[in-house]
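Trainee: Pasting in a structure now, in structure tokens, and then I'll have a few things to ask.
The values are calculated or read from the model by the stated rules, or taken from the named source; none is laboratory data. This one's a predicted model, so the numbers in the text were calculated from it and none came from an experiment. As a convention, Cβ positions derive from the backbone with ideal geometry for all residues, glycine included, and neighbour counts pool all protein chains shown.
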Amino acid sequence: MASASTSPTLGLSVSVLPQANGEIAPIQAGQINSLALTIMPGQQAIRTVRVQSASPNIESIALSIGHASVINSVLTLDDTQVSEISPWIAFSANSLQLKGDTTADVDLTISVPNSEPIGIRQAYLLIKATLPSHGTNENTARQGAARYAIPIYIGVGTTAQIVTDFSVGLVTLVHTKDGEAFALTLKNIGMTPVLPVGFLQLSSTLEKLVFAAQIPFGGDLIQAGHSETLTVEVPLEVPDAIWNVHAEAHDGTLLATSDSIVTLKRHGIIGQNQIAIYRILLGAVSFVLFGAAWMYIRSTGGFRRFKQ
């Protein structure tokens, strides 16, 4: 993610240089780019960022690490907190001045502590350009800032160790103090924490009903090998019926689903179709009983005795 310049006198472009031979990957505003790598605990790696001024003025460039929060499974920059991996990253220079159309390469040395557990750590590389302040003059009056916020993904461990995956169990009905609720279990079957969110979609083939609204759900962070059972209150607008329940959950690009059949019977499932069926069955049973009684009466001569 990148923010546009707030002043026409400011300009900035950023490129992440490849570790080995290969083309430079420019990071442009609006594109989804990141600095991603894997490092074993106790080891370090170096990545280089090339910063280029696109302003006719001298710009002051500052580099720092920003905190990344996961909100609804989306990585989001949070300026109110300090990143947990900020102490891991050392800049060859975290501030510099660039003249117009000049570039500077900055090395990021990333050192992972020995005791760090396997998993993925997320942060942002922040690169900010401002005009140098020279007191109360024209420069100060048009002071602005241009900032890039580049996602950083550090996989602690090897690629084989860092597996992110989860599953969604079958949906059942449970009774709570607030009424009926859907229950489903989310299980972390990978090796990194997950934070799935999703929805339930209801449809009924028996009654030919469709509950159009999606019923959202979400829980807490689930550590590797753990599971969480969520209860989602059944909306009062959902009528009693036999429902097909489609559960869909995602964490970033990961997606897991399940399909279940549940019978919601708060007041008895009595619909027009069932009433018609019950009437047919009642008529059939009455016909059979009447026929059996008539045959019995005939076989015992009941009609003759009645006439006599």
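Trainee: For the stretch 214-227, which positions are in contact (Cβ under 8 Å) with a residue 40 or more places away in the chain and crowded, with 17+ Cβ neighbours inside 10 Å?
Mentor: The answer is 222, 224.
Trainee: Which of the residues belonging to the stretch 172-192 are surrounded by 18 or more Cβ atoms within 10 Å (Cβ to Cβ) and either small (Gly, Ala, Ser) or closer than 19 Å to residue 254 by Cβ (or both)?
Mentor: 184, 186, 187, 188, 190, 191, 192
Trainee: Residue by residue through the stretch 45-70, note down the ones that are under 18 Å from residue 34 (Cα atoms) and of a type in the set (A, V, I, L, M, F, W, C).
Mentor: Scanning the stretch 45-70 gives 45, 46, 49, 51, 63, 65, 68, 70.
Trainee: So which residues in the stretch 18-53 are modelled with pLDDT of 80 or more, part of a loop (DSSP other than H, G, I, E, B) and surrounded by 14 or more Cβ atoms within 10 Å (Cβ to Cβ)?
Mentor: Within the stretch 18-53, just 40 meets the criteria.
Trainee: Residues 197, 238, 234: which one is more than 19 Å from residue 167 (Cβ to Cβ), of a type in the set (A, V, I, L, M, F, W, C) and in contact (Cβ under 8 Å) with a residue 40 or more places away in the chain?
Mentor: Going through 197, 238, 234 in turn, the sole match is 234.
Trainee: Run residue 140 past the list (1) at pLDDT below 85; (2) surrounded by 18 or more Cβ atoms within 10 Å (Cβ to Cβ); (3) more than 30 Å from residue 254 (Cβ to Cβ) and report the number of the one that doesn't hold.
Mentor: (2)
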